[in-house]
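Report on the following structure.
The values are calculated or read from the model by the stated rules, or taken from the named source; none is laboratory data. As the structure is a prediction and not an experimental result, all values here were calculated from the model. Cβ placement follows ideal geometry from the backbone for every residue including glycine, while neighbour counts extend to all protein chains displayed.
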């Protein structure tokens with residue numbers, strides 16, 4: 001049985017977010033050198049949000065799957081010996 005079209009989740013819900021979590025803000029402030037470990041986490045300064053959700057690319061996923069065994073050092077499958 002298939003799911004009704006009105007119950008499917010659209011892909012547009014995964015766009016750019018305009019609000020960061022506190023952890024994301026702390027990471028951005030640490031990177032900029034504006035926050036040190038041990039400081040208060042309340043009343044943090046504003047941080048510009050340039051965060052975009054990472055989308056999976058279909059072409060890269062297929063390419064990575066093919067390239068992974070060759071790069072991983074796994075021995076390639078040996079060809080069958082030719083008959084005389």
Does any residue in the range 38-49 that is surrounded by 11 or more Cβ atoms within 10 Å (Cβ to Cβ) come within less than 6 Å, Cβ to Cβ, of a residue that is at pLDDT below 85 and assigned to a loop (DSSP other than H, G, I, E, B) six or more places away or on a different chain, and which pairs are these?
49/18
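In contact with a helix residue (DSSP H, G or I) (Cβ under 8 Å, 6 or more places away or on another chain) and modelled with pLDDT under 70, is that true of residue 55?
Spelling it out, residue 55 is indeed in contact with a helix residue (DSSP H, G or I) (Cβ under 8 Å, 6 or more places away or on another chain) and modelled with pLDDT under 70.
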